[in-house]
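Here the structure comes first, spelled out in structure tokens, and everything after it is commentary.
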Amino acid sequence: SVVDQAFVTLATNDIYCQGALVLGQSLRNHRLTRRLVVLITPQVSGPLRVILSKVFHEVIEVNLIDSEDYVHLAFLKRPELGVTLTKLHCWRLTHYSKCVFLEADTLVLSNIDELFDRGEFSAASDPGWPDCFNSGVFVFQPSLETHQRLLQHATKHGSFDGADQGLLNSFFSNWSTADIGKHLPFIYNLTSNTAYTYSPAFKQFGSSAKIVHFLGSTKPWNYKYNPQTGSVSEQSLGLGSQHQVSFLNLWWGTYQSSVLPLYK
Ligand code: UDP
């Protein structure tokens with residue numbers, strides 16, 4: 001296995017840890033060849049840290065307020081950027097030469113090692129505004145210098161959407177035009193609950209999805225799941241369409257088979 005490259009995720013509380021655990025196990029279930037790293041914050045409980053350490057090679061606590069002075073400075077000037085600045089800690093993982101960041105609400109459906117052939121900064125289009133990338137899945141190169149420049153950018157310009165995606169898009173501002181090799185195919189960040197306005201494309205390409213992203217306020221763990229039928233319950237679905245249901249069932253299937261046993 002390649003020990004100087006890693007998959008990295010972030011969980012700031014015990015709820016998002018469930019997502020991180022499903023993501024980590026989904027990577028392990030598809031021939032893991034890289035290190036697994038989860039960044040957590042002080043709110044994550046002791047018992048969850050023990051479970052996380054069964055799946056991730058490294059469980060790293062990052063603490064916004066206690067860290068370097070320049071982080072403190074950026075935070076004081078832009079308190080609304082709390083979780084965003086936490087995510088930026090991934091650039092400080094300089095014991096790795098290259099990493100793939102995956103948000104805790106993503107699920108891996110097949111081996112994705114080929115992502116390590118890409119350079120910084122690679123990401124897929126955001127479904128809502130394709131000239132911007134979605135920051136749920138991206139390839140990056142850890143560097144203290146880049147981290148510092150990102151914090152300076154945050155302090156100076158804030159974020160146009162109040163979150164990391166706006167900040168990263170204005171920092172890597174030539175992403176949409178500079179290098180097509182840094183545009184990840186959409187199947188690496190397929191947003192499961194977007195109402196696709198191009199449904200023939202979903203029919204044609206949806207089954208090739210390699211990473212599903214449960215973007216938005218209702219996460220897989222907010223649904224009710226029936227282990228007997230292997231499906232999320234109809235009542236909890238609302239207007240969910242059929243393709244969303246199958247991805248939700250995959251998430252829950254992974255939770256049942258690969259995460260619950262860790263608690264025993
Ligand atoms: N996150 C977290 N705790 C929070 C909110 C977000 O750990 O309270 C992390 C987690 O990795 C999550 C990512 O930040 O997947 C992005 O947040 P969210 O999934 O809510 O945003 P969306 O993907 O819906 O834009």
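Number of residues in the range 104-124 that are away from the ligand (no atom under 13 Å from the Cβ), open to solvent by less than 10 Å² (accessible area, probe 1.4 Å) and not hydrophobic (A, V, I, L, M, F, W, C) equals 1. Could you tell me whether Ile51 is in the same structural domain as Lys98 (by TED's automatic domain parsing) and in a strand (DSSP E or B)? The answer is no for Ile51. Whether any residue in the range 170-183 is assigned to a helix (DSSP H, G or I) and under 26 Å from Pro79 (Cα atoms) is what I want to check. Yes, there is a match, as at least one residue in the range 170-183 is assigned to a helix (DSSP H, G or I) and under 26 Å from Pro79 (Cα atoms). Every condition in (1) more than 11 Å from the ligand (Cβ to nearest atom); (2) surrounded by fewer than 17 Cβ atoms within 10 Å (Cβ to Cβ); (3) closer than 24 Å to Asn13 by Cα holds for Trp129 except the one numbered (3).
Against the numbered list (1) within 29 Å of Ser246 (Cβ to Cβ); (2) of a type in the set (A, V, I, L, M, F, W, C); (3) modelled with pLDDT of 95 or more; (4) open to solvent by 10 Å² or more (accessible area, probe 1.4 Å), Phe138 comes up short only at (4). For the range 86-103, the criterion of being modelled with pLDDT of 95 or more, open to solvent by less than 20 Å² (accessible area, probe 1.4 Å) and more than 16 Å from the ligand (Cβ to nearest atom) is met by at least one residue. Can you run down the residue pairs with Cβ atoms below 8 Å, 6 or more apart or on separate chains, where the first is in the range 150-170 and free of Cβ contacts under 8 Å to residues at least 24 places away in the same chain and open to solvent by 20 Å² or more (accessible area, probe 1.4 Å) and the partner is of a type outside the set (Val, Ile, Thr) and within 12 Å of the ligand (Cβ to nearest atom)? Pairs that qualify, where the first residue is free of Cβ contacts under 8 Å to residues at least 24 places away in the same chain and open to solvent by 20 Å² or more (accessible area, probe 1.4 Å) and the partner is of a type outside the set (Val, Ile, Thr) and within 12 Å of the ligand (Cβ to nearest atom), are Phe160/Gly166. When we screen Ser170, Ser217, Ser208, Ser192 for residues that are under 21 Å from Arg92 (Cα atoms), polar (S, T, N, Q) and under 20 Å from the mean Cα position of the chain (by Cα), the only hit is Ser170. Being open to solvent by 40 Å² or more (accessible area, probe 1.4 Å), without any contact (Cβ under 8 Å) to a residue 24 or more places away in the chain and more than 30 Å from Ser207 (Cβ to Cβ) is a property that Arg78 lacks. Select from the range 1-13 the residues that are more than 10 Å from the ligand (Cβ to nearest atom) and open to solvent by 10 Å² or more (accessible area, probe 1.4 Å) and list them in ascending order. Ser1, Val2, Val3, Asp4, Gln5, listed by residue number. When Thr41 is tested against the conditions (1) over 30 Å from Pro185 (Cβ atoms); (2) under 16 Å from the mean Cα position of the chain (by Cα); (3) open to solvent by 40 Å² or more (accessible area, probe 1.4 Å), the lone failure is (3). Within the span defined as the range 49-58, one or more residues are of a type in the set (S, T, N, Q) and modelled with pLDDT of 95 or more.
For the range 112-169, the tally of residues that are among the β-branched types (Val, Ile, Thr) and under 26 Å from Ile187 (Cα atoms) stands at 3.
The values are calculated or read from the model by the stated rules, or taken from the named source; none is laboratory data. Nothing here was measured: the structure is a model prediction, and the numbers come from that model. Neighbour counts are summed over all protein chains in view; Cβ atoms, including those assigned to glycine, are modelled from backbone coordinates with ideal geometry. Only protein heavy atoms, including side chains, enter the accessible area calculation; ligands, DNA and RNA are left aside. Shrake-Rupley method; radii C 1.70, N 1.55, O 1.52, S 1.80 Å.
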